[in-house]
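Worksheet: the structure to be examined is printed underneath.
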Amino acid sequence: MSLSRCRWLVAATLALAFSPLAAGAPSQLVLAIGGEPDDGFDPLLGWGHYGHPLFQSTLLSRDAELASQPELGHDWSLSDDRLRWTLQLRDDARFSDGTPLTAADVAFTFNAAARAGGRADLSVLASAEALDDHRVRLTLTEPRITFVETLHTLGIVPDADRDNGYHDGYARAPLGSGPYRLVEWQEGEQLIVERNPHYHGDTPPFERLVFRFTGEDTTLAAANAGDLQLAAIAPALAAQPPTGMHRVAMQSVDNRGILFPMRRASGDTSASGAPIGNDVTADPAIRQAINLALDRELLVEVALHGFGQPAYGPADGLPWSDPAERVDDGDLQAAAERLDAAGWQLQDDGLRRRDGQAARFHLTYPAGDTTRQLLAESVAELLRPLGIAVEPMGRHWDEIRREALHQDAILFGWGSHSPQEIYYLYHSQHAGQDYYNSGFYANPAVDAHLEAAQNAASFDASLPHWRAAQWDGAQGYGVRGDAAWAWLVNLEHLYFVDDCLDLGELGVAPHGHGWPITANLLDWQWQCEG
Amino acid sequence: MTCLIAALGRRLLRLIAVLGIVALAAFGLMQASPVDPVDAYLGAQLAQVSPEQRALIAERWGVDQPAVQQFRLWLGNLLRGELGWSRVYNAPVGEVIGTRFLASLPLLASAWLGATLFGFILGVVAGTREDGWADRWIRRYAYTLASTPTFWLAILALLLFSVALGWTPVCCAGPAGVTRDELGLATRLHHLLLPALTLSLLGVAQITLHTRARMLELMRSEIALHAFAQGASRREVAWRHGARHACLPALTLAFASLGELFGGAILVEQVFAYPGLGRATVEAGLRSDVPLLLAIALFTALFVSLGNALADGLYRLVDPRLREAYQ
């Protein structure tokens with residue numbers, strides 16, 4: 001009797017503590033999804049690369065399928081020589097102080113960003129000029145279809161020649177034509193924004209947004225206290241959503257995979273002195289066998305707490321990735337046959353050898369990254385029965401760059417909303433250049449496909465070429481071809497979301513958990529009635 | 001008078017030498033650091049910018065120049081009064097340090113005052129009656145504190161007072177969605193309370209133990225014996241004679257601990273997500289923001305040196321014997 005009453009009391013107290021105080025759309029939404037840019041909200045330095053730039057608007061926007069949609073520009077075209085983009089701007093766009101946005105601002109933004117030396121990469125831009133008040137032309141130094149990414153991500157700032165123009169302190173006092181304007185940025189703590197009354201698009205659904213920049217533990221504590229409507233949560237903490245919230249798992253191309261050195265060791269070193277080549281991973285049979293033998297579902301369970309998907313390529317699910325790129329993996333039998341056929345014989349000590357060369361290599365991962373450490377250890381265990389000895393090694397990035405980068409298999413993580421990343425990872429032009437194509441992968445047929453993609457007449461027209469680079473029926477960088485990488489997993493990005501908040505269609509997130517979820521911010525809706 | 005000026009001049013020269021050595025050492029350490037500033041800046045976007053862009057970033061920051069050239073440039077700017085441009089925060093270094101120091105100041109000041117006063121009082125009380133019950137408990141308390149790492153204490157305090165009891169906020173200098181102008185004094189103090197308390201606990205132990213030692217010395221001395229013989233009680237002797245003697249080491253320690261206070265503040269600010277100079281230091285170090293880190297090193301060195309100079313000055317004020325010796 002006394003026990004059951006006690007239980008009832010506890011339940012009632014809990015219900016009281018966690019019940020929402022007031023129903024109806026809240027005047028402000030409180031989010032803890034990280035993403036604080038220490039260097040401020042300056043698009044010229046890279047603000048707005050992922051997610052929503054809030055304060056500025058871009059020339060084009062992207063829908064959930066990453067297709068281009070009009071934004072400031074309502075009409076756009078690429079010249080036949082692929083060097084000149086001409087965009088027609090809408091004429092009702094205004095900065096949040098009410099002054100009109102013209103082609104001069106766009107031209108200034110692009111020219112200044114090309115010189116700024118920040119995260120916004122416009123190195124291919126030759127010049128930008130305003131043809132008249134509402135038309136702008138962007139001239140490139142060489143055909144590069146991935147420049148369209150810049151049209152999607154570069155927020156337009158006011159021309160420095162204007163009274164209210166761009167200046168040194170712009171990053172902390174951003175002025176743009178985006179849906180929100182800055183109220184206050186308390187650095188290291190929170191960002192408070194409110195609706196921009198001059199915004200040209202539909203009125204944003206929420207009057208005021210508060211972004212809290214708290215650490216993992218603090219975010220969880222705040223979510224449990226009912227103080228947050230949206231919280232980015234680490235997989236290890238995501239098991240139990242607090243009352244009134246549910247868990248949303250966003251698919252991503254935030255991938256982890258193994259890069260293989262493609263050349264045989266020849267004693268050569270790169271410019272930084274790092275030795276090049278690995279006699280084991282240089283053999284396609286080894287790389288293909290590894291791709292066949294790994295059980296990716298198991299890796300997701302072990303290393304990602306189940307929150308992820310098997311990965312077969314660098315951009316699974318994105319339009320420039322071949323949807324047929326799949327392996328029936330976890331197949332040790334097929335992998336063993338592939339190795340036998342290539343002359344890698346299983347010895348009595350459980351290790352395969354060919355011509356005295358043991359099937360043994362280092363798998364290097366950046367020390368301190370526990371997910372990659374778990375992946376590396378699991379890969380080593382999964383390949384042991386096959387007779388391949390993988391030796392996981394955690395090293396600092398600097399050490400990796402100096403010693404391991406071109407001679408060890410390396411556990412990297414990439415994932416971008418632009419196929420330019422594919423170009424950097426697989427084109428021989430970038431072989432051995434820093435982290436880009438550090439395995440020295442080179443295949444003339446793949447190079448040709450990648451170049452054809454960059455030379456395409458439109459982004460849509462480039463898609464088949466990107467996919468052909470992965471596998472064109474005869475060769476490719478993917479698992480059916482050279483198997484230059486063994487892609488392992490795509491992470492799922494986890495959020496606790498208020499039961500009343502509808503996030504709409506989320507799309508596929510890039511590398512980086514948190515801020516990218518704001519990409520479709522303007523589609524979010526409050527579902528509870530007042 | 002000339003003597004005083006000469007002394008001040010010597011002190012100033014010594015200060016400049018100290019600052020020079022600090023700058024050189026900090027710069028040398030940064031050069032030896034394995035962190036590549038451009039890699040650290042790009043982070044996850046490493047493979048999304050072109051090699052040309054990387055070169056442009058390095059050029060903008062001047063990290064493509066040889067180390068000696070970089071240091072000379074920095075020193076030249078410093079002599080002209082320019083501290084440089086922070087790479088991490090994309091703002092003038094002076095401004096970054098200014099705003100963050102102002103944020104840290106209430107924390108540092110309250111923690112320091114709390115530690116000094118509380119520590120001194122405990123020390124005097126403990127030293128009044130050696131091995132009395134107060135002395136035993138205060139000693140145990142001080143030894144426990146002295147062997148407690150700051151960050152651990154901070155996490156423990158956070159778990160107890162903020163998470164379990166809910167008395168204090170879990171983070172930050174203010175609540176969600178409230179601008180600095182709207183923030184009332186009470187809310188500010190509420191958010192400051194736990195970090196300041198944790199940080200002040202750090203300094204208490206040292207001051208208590210040193211003050212106690214000096215107190216014991218006095219209570220066993222002939223001065224105390226004389227006073228006892230005249231009929232003074234233990235408490236009277238402790239407060240009239242003991243506290244006066246013990247305040248010199250307490251002063252020395254209080255000012256010498258300014259450096260430790262800075263170190264402790266770094267940890268405490270990390271744990272409580274309190275946005276002050278401590279967190280800026282961590283960011284600058286991890287991301288190889290040389291101009292900012294050098295300036296912070298200089299600033300801290302200056303702060304601590306001034307603290308020591310102040311302590312020297314205060315000795316003369318407090319202790320008439322030193323004043324006479326000087327004259």
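Counting Cβ atoms of other protein chains within 10 Å of each Cβ in A:145-153 and taking the mean gives 0. The equivalent ellipsoid that matches the C-alpha gyration tensor of segment A:22-135 spans semi-axes of 28, 18, 15 angstrom, in descending order. Normalised by residue number, the volume inside the convex hull of the Cα atoms of segment B:213-278 is 101 Å³ per residue.
Computed over segment A:151-210, the percent of Cα pairs more than 18 Å apart is 44.
When all alpha carbon pairs of segment A:204-354 are counted in 5 Å bins from zero, the resulting P(r) reads 1, 7, 11, 12, 13, 12, 11, 10, 7, 6, 5, 3, 1, 0, 0 %.
If a helix is a whole DSSP H run, which ones in chain B reach 15 Å or further along their own axis (Cα) and hold a mean Kyte-Doolittle hydropathy of at least -1.0?
The answer, listed by residue number, is B:2-32, B:51-61, B:67-79, B:93-128, B:133-146, B:185-219, B:243-256, B:258-272, B:290-318.
Along its first, second and third principal axes, ordered by size, segment B:136-256 spans 66, 31, 27 Å in Cα coordinates. Averaging 1/r over each pair of different alpha-carbon atoms in segment A:281-395 and inverting the result gives 15.1 Å, the Kirkwood hydrodynamic radius.
Using a 10 Å cut-off around each Cβ, can you sort B:Thr168, A:Thr219 from fewest to most neighbouring Cβ atoms?
Ranked by crowding around the Cβ, least crowded first: B:Thr168, A:Thr219.
The translational diffusion coefficient of segment B:168-318, from Stokes-Einstein at 37 °C and 0.692 mPa s with a Kirkwood hydrodynamic radius over alpha carbon pairs, comes to 176 µm²/s.
Spacing of the modelled spin labels on A:His246 and A:Ser458, each 7 Å from Cα toward Cβ, amounts to 3.8 nm. Residues B:Ser162, B:Ser104, ranked from the fewest to the most other C-beta atoms within 10 Å, line up as B:Ser162, B:Ser104. Each residue of the protein assembly as shown gets 235 Å³ once the volume of the Cα convex hull is shared out per residue. In chain A, the calculated helix contribution to ellipticity at 222 nm averages -6500 deg cm²/dmol per residue, counting -39,500 (n - 2.57) for every DSSP H run with n ≥ 4.
At a Cβ-Cβ separation cutoff of 4.7 angstrom, cysteine residues of chain B with no neighbouring cysteine are B:Cys3, B:Cys247. For chain B, the convex hull spanned by the alpha carbon atoms encloses 189 Å³ per residue. Calculated mean residue ellipticity at 222 nm for chain B: -24500 deg cm²/dmol, from DSSP H runs with n ≥ 4 weighted as -39500 (n - 2.57), summed, divided by the residue count and rounded to 500. From least to most packed, judged by other beta carbons within 10 angstrom and beginning with the fewest, B:Tyr274, A:Tyr436 follow the order A:Tyr436, B:Tyr274.
Quick note: the coordinates plus some simple rules give every number you see, no bench work behind them. These figures come from a predicted structure and were not determined experimentally. Note: ideal-geometry Cβ built from the backbone for every residue, glycine included; neighbour counts use all protein chains shown.
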